[in-house]
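Some notes on the structure that comes next.
The values are calculated or read from the model by the stated rules, or taken from the named source; none is laboratory data. Predicted model only: the values in this text are computed from it and were never measured. Here the Cβ positions follow ideal geometry from the backbone for every residue, glycine too, while neighbour counts run over all protein chains shown. What goes into the accessible areas is simple: the full protein's heavy atoms, side chains included, and nothing from ligands, DNA or RNA. Shrake-Rupley method; radii C 1.70, N 1.55, O 1.52, S 1.80 Å.
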Amino acid sequence: MKPMHRRRANTLMTCSGLRTVAKHEMLVRILTFASLALILGVGNAVAACDFALRSTKVTDAQIKRAIEIVNAAVRDPELVLFFSNTTEDNARSDEIPVHHIRPDQARPVVAEVPAGCRTIVISGVHFERNFAVLSKDNVLMQDKQISMLVFLLLHELGHIANRHYGAFLPATADAVPNNNETEAKARERQADDYVATILKREFSRLGNGNPPIDNDDLYFGTTEAIMFLSSLSFVVSSEATLACFGCRSLGDPRIFWDHGQSHPNFEYRLLLINHAISATPESQALLDSYEKMRNELSAR
């Protein structure tokens, strides 16, 4: 029997997603989060959150699979996701609908929590375009769409769990590198911490010889997501190095600082998440090396 949940107001502010860029732009910029705060409207929040007529069936199966994996890993009756494309679905207790919408109904982001809605929206077309660039000629990323969606959904769920907003539009390619502390960046770190906390818990249970989740099929989905984040960190770091030859050795801010005022550097975020999950001497050394250069740049 499905547990009963308390009803909550559907009034969270917006969250984050991935940038959508042209194929010729560098991978590190494609995966760099950035944000632009939006002002909440004062109209009917329920009507504004009705995505029933916007759904599309592109990559539906992948999103549904990612939702299953996330729910099995999170195991929180207050933060249950479900795939939705009908108005009736939106009234389902306290569960959080995930809508897959058409590109003509989507802003230029891959995933977000729309203004005033306790809802996650995914633009499949934008996701497919970005992931095609990510996985091109890269065996580590090929056929890993579900693992990427698990990461995206966990991050968006982290914003909802923390009850803060993170609405944004893609940053421009000429965003000035900076190491400023902003409230928006702090919110992104909180959402990333949520991802790391959930996956670390499952990773720890695996290390103790206990299956992280009951269903073996979903268990493999969770472990794949953990391994994927490690691979993603390697890919983003490698592509950044190739895209800006010599920049890493010279301590160029484009490698170590943030691109915009809303999100921390994506390479840095992945190093933090992976170390929080595994906490190995190697992950610590990688993080220390990166932070050393990042801090030295700030001291100049």
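Element breakdown for the range 237-292 at a 1.4 angstrom probe: carbon and sulfur atoms account for 64% of the accessible area.
Counting only protein heavy atoms and a 1.4 Å probe, the range 229-300 has 47 square angstrom of accessible area per residue. In terms of the mean number of neighbouring beta-carbon atoms within 10 Å, the peptides 223-236, 140-153 order highest first as 140-153, 223-236.
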